[in-house]
Every structure is written in structure tokens, then in C-alpha cells.
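Engineer: One structure is given below, represented as C-alpha cells, and several questions about it will come after.
The values are calculated or read from the model by the stated rules, or taken from the named source; none is laboratory data. Computed from a prediction, not measured in an experiment: that's the story for all the values here. Here the Cβ positions follow ideal geometry from the backbone for every residue, glycine too, while neighbour counts run over all protein chains shown. These area figures cover heavy atoms from the full protein model, side chains too; ligands, DNA and RNA do not enter into them. Shrake-Rupley method; radii C 1.70, N 1.55, O 1.52, S 1.80 Å.
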Amino acid sequence: MKIASAQFTCVPADIPANVRQMAALVDEARGQGAELVVFPELALTGYELGTVRTRRDLWVRADDPRLDAVRASGAACVVNCVAPTDEERPAIETWVFGADGELLTRYRKQRLFEHEQEVFAAGRSDGRFELAGLRFALATCFDNHFSELVSRGATDGCQVHLASSLYGTGGGVKELAAVYPGIAERFGLYVVVANHVGPAGEWTGCGRSALWAPGGALLAQADAHTSMVVTAEVG
């Protein structure tokens, strides 16, 4: 199957505007033959930690009607957002919708990065799903820096590792370029990362969303400046 990694510049705290961008990117990805599209970390709101901490209208559930355009896009989508929990704090949560709009699985970020620990509750369970005969593992940004989480996916029979992320300009460029091909090489997985491009809260996303083959060979990569999708065949 073909998978697309999508990057764009989020409109801060504007879910409808971001969903419109995401639906347009899915259309573009489907035009390239993609059956699954992966979006960046906190794609629905942008990486606006101060805002999402106080505005519960930005905490969304999988059946939120504001996501209808994504669910009806005709491709499976990996959507990362702020979601309510049973605790006072929300989670950084990933939902995977099938091409028919049904929820396939959900995953909550387990390894919260620095200031995220003041805003969010950490997840405790791994994320898995199957599509088109392939088994997928989910992770969110800083999760990917911990080999035990990735190792569990490989041990569990996953062939593809999907990451919604935010890496900024400067040191983030080197981190992105080292961590994800490193996962592909060490664990023998296809790896897909979707990153922000342009302003993202206090950061500036460095783009370069990409896909790697098992062993670490680069299959496709976006540029550092443009809202776009890149696709590659996996499996």
C-alpha cells in the first residue's frame, strides 16, 4: 500500500481551519495513490500548549462533528489532538480513522516532553492497528526517543511505525534525521514521520516529513518550507 506523510502550518487553536487543510492534503495524497495519511502532533489545534490548557472546547473526542471532513475523506487518517481523559488533564491522543470513517484505534502519548508534563496526562498503553494486511505501531514525537517503546512494536509483529511529531529548526533537524532512520535500521521497520512546517507554538517546525524503508533507506521526504504530502510504497 502507499502511505502519505502530510505536513502543514497549523492555524493556532482553530480546529475547523486545520481540518480544512487536512482534508485538502488527504485529497492530494489520494491523488498520489495513498490509502493512509499521517498528520503531525497536535494537528487539530497546533502546538499551542498555553491555549489548550485552558480552553476545553479544544479538547475533542473521536466522534466530534468538526472532524467530519477528515472522516469522510476516503482515506485512512492518523490524527493527533488534545483529548479529554478521566483525569483533570487532557492527553495528547492519536486517532486512526479507516477509509470509511470508523475509528480503528487510539493511542495516548506516553513520554511527555518537558513542559508537556505540566499540561497533559501520560498514556499507559501502546497503539496498534491492522490495515491492508499490514500491522502498524503508533508513537508521538518524544516517544520515539525511547527504544523500549519501539521495540515492543517490532516484537508485536508490526511492520510499519507511524509517528506524529514536532521538530523545530536548529537542533530538531538533526534529531529528526537521526532518530527515524535509526528506528528503521535497528528494528527493521518501515518508518513514517509527519512533522510541522512553519510556526508551531513557541517553535518553528522544520518540515522534512518522510518515510524510510527497513534498514534505513530514505523513500521520500518533504521540503523544509512547504505544506505538502509525500508518499511511498510500503510492504
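Engineer: Hey, what's the per residue convex hull volume over the C-alpha atoms of the range 71-141, in cubic angstrom?
Structural biologist: 89
Engineer: Assuming a ≥ b ≥ c are the square roots of the Cα gyration tensor eigenvalues, decide whether the range 106-235 counts as rounded (a/c under 1.5), prolate (otherwise, with a/b larger than b/c) or oblate.
Structural biologist: oblate
Engineer: Work out the charge dipole of the chain with +1 on the Cβ of Lys and Arg and -1 on the Cβ of Asp and Glu about the Cα centre, then indicate which of 119, 24, 188 is farthest towards its positive end.
Structural biologist: Result: 188.
Engineer: With charges only on Cβ, +1 for K and R and -1 for D and E, what is the dipole size of the chain about its Cα centre, in debye, rounded to 20?
Structural biologist: Dipole size: approximately 180 debye.
Engineer: Another question, then. Report, by chain and number, residues whose modeled amide H sits under 5 Å from the one on residue 60, excluding near sequence neighbours (fewer than 5 apart, same chain).
Structural biologist: Long-range HN contacts for residue 60: 82, 83.
Engineer: How about the range 1-99: which GluC sites (Glu not before Pro) there are in a DSSP loop, with at most 10 other Cβ atoms within 10 Å of their Cβ?
Structural biologist: Loop-located and lightly packed - 87, 88.
Engineer: Then there's this: Where is the GNM fluctuation largest for the chain (alpha-carbon springs, 10 angstrom cutoff): 51, 155, 204?
Structural biologist: Highest fluctuation among the options: 155.
Engineer: How about the range 18-98: which trypsin sites (Lys or Arg not before Pro) there lie in a loop by DSSP and see at most 13 other Cβ atoms within 10 Å?
Structural biologist: The qualifying sites are 55, 61.
Engineer: Could you state, as a whole-number percent, how many of the C-alpha pairs of the range 170-235 are farther apart than 17 Å?
Structural biologist: Roughly 39 percent, rounded to a whole number.
Engineer: Would you mind pulling out the separation of the Cα centroids of the range 1-57 and the range 204-220, in Å?
Structural biologist: Spelled out, the Cα-based centre of one part sits 18 Å from the other.
Engineer: Over the chain, average the accessible area per residue using a 1.4 Å probe and give it in Å², no decimals.
Structural biologist: Heavy-atom accessible area per residue stands at 39 Å².
Engineer: Quick one: if you stick a label point 7 Å off each Cα along the C-beta vector at residue 11 and residue 174, how many nm between them?
Structural biologist: Taking the two extended label points, one gets 3.7 nm.
Engineer: Let me ask something additional. Counting only protein heavy atoms and using a 1.4 Å probe, what share of the accessible area of the chain belongs to carbon plus sulfur, as a whole percent?
Structural biologist: 47
Engineer: By how many nm would the segment from residue 124 to residue 27 grow when fully extended, if each residue of separation counts as 0.36 nm and the alpha-carbon distance is taken off?
Structural biologist: 31.6 nm
Engineer: Pull up all non-local amide H partners of residue 129: gap of 5 or more, or a different chain, and H-to-H distance under 5 Å with H placed in the peptide plane.
Structural biologist: Amide H neighbours of residue 129, under 5 Å, 5+ apart: 136.
Engineer: For residue 117 paired with residue 86, estimate the spin-label separation in nm (one decimal), with each label point 7 Å from Cα along the Cα-to-Cβ line.
Structural biologist: 2.4
Engineer: May I have the pair-distance distribution P(r) for the chain, computed from all Cα-Cα distances with 5 Å bins from 0 and rounded to whole percent?
Structural biologist: Final binned percentages: 1, 7, 16, 22, 22, 18, 10, 3, 0.
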